[in-house]
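Take a look at the structure below.
Since every read-out is calculated from the coordinates, none of them should be taken as a lab result. Predicted model only: the values in this text are computed from it and were never measured. As a convention, Cβ positions derive from the backbone with ideal geometry for all residues, glycine included, and neighbour counts pool all protein chains shown.
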Ligand SMILES: Cc1cc2nc3c(=O)[nH]c(=O)nc-3n(C[C@H](O)[C@H](O)[C@H](O)COP(=O)(O)OP(=O)(O)OC[C@H]3O[C@@H](n4cnc5c(N)ncnc54)[C@H](O)[C@@H]3O)c2cc1C
């Protein structure tokens, strides 16, 4: 196990340190075999994901994904706890990390904006692992450009009727509930969107496509064809959809950085072990300065990422309000840096690094999507620059 000094940093409180210790002990035993299965097909992946969610629920970890008193531990999200959990799980299993956080992202808008009735109906099942959650924002013609969303929700009596398509949706096909964003037209662009909770068995809703991903992960396309959703299933007010989506991402975006950090720490541990034991030209390769340069870059990247991730989570937890800039910096740096760290680990392993089944080979695949989902690296740069320019103008 590598450097753990970050746990002493003032961004964290004692209960976060206890959480890390307990989760690490749990993950070592509970994820030992389950965490490294590579499913053969969609059915096997669905089954493994369901088992993973059930195991995370048994451990009590999903209680961090929803608000109290509806199955959660705290009324407000503990973003530092979410980051500790993702960072730790990612060191043992990418799928465990994914299954954990999708319960949070997929239901976060309900915790943040749901009526008491919606919270009571949907959140306890998410915390207990009985209901899988999903978040459906992206569309074939609207990924980074959320305001270009084409899916519509038309008012009809006591309901809205949703028509359109969502794609690249995590947990497609296994989710019991989807937070769905659609155009209700109160204003042009981003101000004319609303958010709804849609049940996985709602008439007019179907999963029409599944994708194979480089690191196994349930992902697919949703089609809405005259799908009626009661008005009481709206999250926030009509036209609040963009606000609902951005507030959810404001909580969960820094946790993507935390997962990347976990992958990077795992790669670093592997690379250190290899560098100290692999003999080349008569000595361990760790004695060569070109290898030491890589180790220095990896250690620096990891610490810089951890500082940004826990600064962002601390800001959200203790100062409150939006932490958009901090979350964008954390996600951008930690995911890009982790890609470099893992690539350097593969290089330190030489040919063994690209053999399927090697931990660093798996990490090389696991990390890639994190630079794309919940806002690409380019979009994070636009957010950071936009905020810097706005502040400079005031
Ligand atoms: C594994 C995985 C899981 C996902 N899960 C979900 C999910 O659960 N729910 C969900 O709603 N979505 C999900 N997504 C979708 C994800 O959020 C989108 O892929 C992402 O927002 C990018 O959108 P896009 O793929 O349409 O790319 P595009 O928006 O088409 O972007 C293509 C490229 O152009 C760049 N680009 C776009 N606009 C600009 C600009 N203005 N300036 C500079 N560069 C720009 C982008 O950075 C990117 O490099 C997931 C994606 C992946 C890969």
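At-a-glance table
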quantity	calculated
Hits in the range 156-171 (condition: touching a helix residue (DSSP H, G or I) at 6+ places or on another chain (Cβ under 8 Å) and more than 16 Å from the ligand (Cβ to nearest atom))	158, 159, 160
Some residue of the range 215-224 being outside any strand (DSSP E or B) and either within 23 Å of residue 114 (Cα to Cα) or without any contact (Cβ under 8 Å) to a residue 40 or more places away in the chain (or both)	no
Residues of the range 94-142 classified as away from the ligand (no atom under 15 Å from the Cβ) and either surrounded by fewer than 23 Cβ atoms within 10 Å (Cβ to Cβ) or without any contact (Cβ under 8 Å) to a residue 12 or more places away in the chain (or both), total	15
Out of 25, 47, 68, sole residue that is out of contact with any helix residue (DSSP H, G or I) (no Cβ under 9 Å at 6 or more places or on another chain) and closer than 20 Å to residue 91 by Cβ	25
Filter result (in a loop (DSSP other than H, G, I, E, B) and surrounded by fewer than 16 Cβ atoms within 10 Å (Cβ to Cβ)) within the range 143-171	144, 145, 150, 157, 158
Condition met for residue 245 (surrounded by fewer than 20 Cβ atoms within 10 Å (Cβ to Cβ) and within 16 Å of the ligand (Cβ to nearest atom))	no
The range 365-394: number of residues that are away from the ligand (no atom under 15 Å from the Cβ), surrounded by 13 or more Cβ atoms within 10 Å (Cβ to Cβ) and in a loop (DSSP other than H, G, I, E, B)	0
Pairs with Cβ under 6 Å, 6+ apart, first in the range 14-29 and free of Cβ contacts under 8 Å to residues at least 40 places away in the same chain, second surrounded by 12 or more Cβ atoms within 10 Å (Cβ to Cβ)	17/7; 26/59
Breaking point among (1) within 16 Å of the ligand (Cβ to nearest atom); (2) not in a loop (DSSP other than H, G, I, E, B), for residue 174	(2)
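So that you can scan it fast, the table gives a plain yes or no per residue for (1) away from the ligand (no atom under 16 Å from the Cβ); (2) without any contact (Cβ under 8 Å) to a residue 40 or more places away in the chain; (3) closer than 25 Å to residue 212 by Cα; (4) part of a helix (DSSP H, G or I):
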{"site": "328", "(1), (2), (3), (4)": "no, no, no, yes"}
{"site": "331", "(1), (2), (3), (4)": "no, no, yes, yes"}
{"site": "335", "(1), (2), (3), (4)": "no, no, yes, yes"}
{"site": "351", "(1), (2), (3), (4)": "yes, yes, no, yes"}
{"site": "363", "(1), (2), (3), (4)": "no, no, yes, yes"}
